[in-house]
Structures are given as C-alpha cells and as structure tokens.
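The values are calculated or read from the model by the stated rules, or taken from the named source; none is laboratory data. Every value quoted in this text rests on a predicted model; they were computed, and no experiment measured them. Quick reminder, even Gly has a Cβ in these numbers, built from the backbone with ideal geometry, and neighbours come from all protein chains shown. The area values use the complete protein model at the heavy-atom level, side chains included, leaving out ligands, DNA and RNA. Shrake-Rupley method; radii C 1.70, N 1.55, O 1.52, S 1.80 Å.
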Amino acid sequence: AKSIEKQQQELKDNLQNLFLAKEEADKANSAKSQFLATMTHELRTPLNGALGMMQLLSNTKLNAEQNHYLLIARQSSELLLNIVNNILDFSEIEKGELQLQENYFDISAIFNNLLTPLSYEAKKKGLEFTTYIEPQLNGISVLGDDVRIRQILLNLVANAVKFTQQGNVAITLDDK
C-alpha cells in the first residue's frame with residue numbers, strides 16, 4: 001500500500017511539474033509572439049520611409065542607369081518588407097488572428113514587379129531565368145489577397161532560385 005501511495009504521489013508531482021512546464025512554455029511562446037509583432041512593426045516604419053523616399057526620387061530626373069539601380073533598390077526593399085510582413089503574419093497565425101483580404105489587383109503587374117530582383121539573383125548564380133505571361137492575362141484584375149499571392153510567389157520562386165544549382169528557372173503565368 002505504501003508503494004502504491006508513493007507512486008501516486010510521484011505521479012501527482014510529475015503531473016504538477018508538467019503543468020508548470022506547460023505554463024512556462026506558453027508564457028515564453030506568448031512573449032516570442034509579442035516580440036515578433038513588435039519588431040516587425042518597428043521594422044516596417046523605416047522600410048516604408050525608405051520606399052517613400054525612393055518613390056520621390058523616382059520622380060526626379062535620373063539617367064537610365066540610375067533609374068535601373070533605383071528600380072532594383074525599390075524592389076529589394078519591397079521584398080524585405082514582404083519578409084517582415086511574413087513574420088507579422090506568423091505571429092497572427094499563432095494567435096489565430098490572420099485574416100485574408102479581398103481586393104482586385106493586376107496579377108501580371110505583381111508577377112512582373114516581384115520577379116525582377118529574383119532574376120538578378122538567378123543570373124548571379126549563372127542560371128537562366130525566364131518568365132512568360134499569357135498575353136490575355138496582361139492587365140487583368142483578379143479578386144483575392146494580393147499580399148498573400150505576393151508572399152506565395154516570392155517564396156516559391158526564391159526557393160527555386162536558391163535550390164537550383166544549374167540550368168534554368170522558368171516561371172509562367174497562364175489561365176489553366
């Protein structure tokens with residue numbers, strides 16, 4: 001009987017320790033989520049400021065080379081902003097608060113604007129990088145969450161470039 005009582009007490013102690021450990025893990029996870037949310041908001045402010053200044057700069061008289069560099073800087077900054085937004089989305093997903101948006105947007109514009117910086121990355125690796133948009137899709141508006149579409153496209157194509165060692169990366173937008 002004493003052995004059973006001892007085992008029962010050990011089980012109660014272990015259960016209490018597990019409960020305390022779970023509470024600590026939940027607190028740590030909550031602190032991590034709060035930190036990520038705070039940091040992403042703090043990073044977005046200067047990024048948006050830099051993008052705004054680049055937009056103003058693009059309205060000034062620049063030569064072709066300067067315009068090209070400005071375009072790359074803007075697109076790279078937008079990619080960085082998307083990464084920050086991904087982190088913020090992750091914390092919202094953990095809290096169960098992520099909401100999909102419904103907006104009309106030009107899918108071909110997203111396709112073209114998002115892929116240019118990645119094409120430079122591919123070329124640096126010696127890869128051929130091609131994109132093709134079905135002509136009937138140019139300028140077509142679609143209804144959906146353009147931010148999530150950008151994130152998905154960016155992640156898929158960035159991984160294709162990252163993990164392709166030789167050859168090519170070909171991206172096609174069609175209506176199939």
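Answer yes or no as to whether D146 is of a type in the set (D, E, K, R), under 19 Å from D174 (Cα atoms) and over 17 Å from the mean Cα position of the chain (by Cα).
no
Out of (1) open to solvent by 70 Å² or more (accessible area, probe 1.4 Å); (2) touching a residue at least 40 places away in the same chain (Cβ under 8 Å); (3) over 30 Å from Y120 (Cα atoms); (4) not charged (D, E, K, R), what's the single condition that is false for H41? The one condition H41 does not meet is (3).
Could you tell me whether any residue of segment 77-99 is under 25 Å from L156 (Cα atoms) and in contact with an Asp or Glu (Cβ under 6 Å, 6 or more places away or on another chain)? Scanning segment 77-99, I find at least one residue that is under 25 Å from L156 (Cα atoms) and in contact with an Asp or Glu (Cβ under 6 Å, 6 or more places away or on another chain), so the answer is yes.
Any idea how many residues of segment 166-176 are surrounded by fewer than 12 Cβ atoms within 10 Å (Cβ to Cβ) and either in a helix (DSSP H, G or I) or under 20 Å from the mean Cα position of the chain (by Cα) (or both)?
Residues of segment 166-176 surrounded by fewer than 12 Cβ atoms within 10 Å (Cβ to Cβ): 166-168, 170, 172, 174-176.
In the following step, the residues that additionally are either in a helix (DSSP H, G or I) or under 20 Å from the mean Cα position of the chain (by Cα) (or both) were identified as none.
Going through segment 166-176 one residue at a time, the tally reaches 0.
Within segment 63-72, the presence of at least one residue that is under 23 Å from A170 (Cα atoms) and either buried (at least 16 other Cβ atoms within 10 Å of the Cβ) or of a type in the set (A, V, I, L, M, F, W, C) (or both) is confirmed. Scanning segment 147-165 for residues that are open to solvent by less than 60 Å² (accessible area, probe 1.4 Å) and at pLDDT 90 or above returns V157, A160, V161, T164.
Taking segment 79-96 as the region of interest, how many residues are of a type in the set (G, A, S) and either part of a helix (DSSP H, G or I) or farther than 16 Å from L36 by Cβ (or both)?
We begin by selecting, within segment 79-96, every residue of a type in the set (G, A, S); these are 91, 96.
Now restrict to residues that are either part of a helix (DSSP H, G or I) or farther than 16 Å from L36 by Cβ (or both): 91.
Residues flagged as of a type in the set (G, A, S) and either part of a helix (DSSP H, G or I) or farther than 16 Å from L36 by Cβ (or both) within segment 79-96 amount to 1.
One residue is enough: does segment 65-78 have a residue meeting the conditions part of a helix (DSSP H, G or I), closer than 25 Å to F35 by Cβ, at pLDDT 80 or above and not charged (D, E, K, R)? The answer is yes, given that some residue of segment 65-78 is part of a helix (DSSP H, G or I), closer than 25 Å to F35 by Cβ, at pLDDT 80 or above and not charged (D, E, K, R). The conditions of being in a helix (DSSP H, G or I) and either loosely packed, with under 10 Cβ neighbours inside 10 Å or under 29 Å from the mean Cα position of the chain (by Cα) (or both) are not met by A21.
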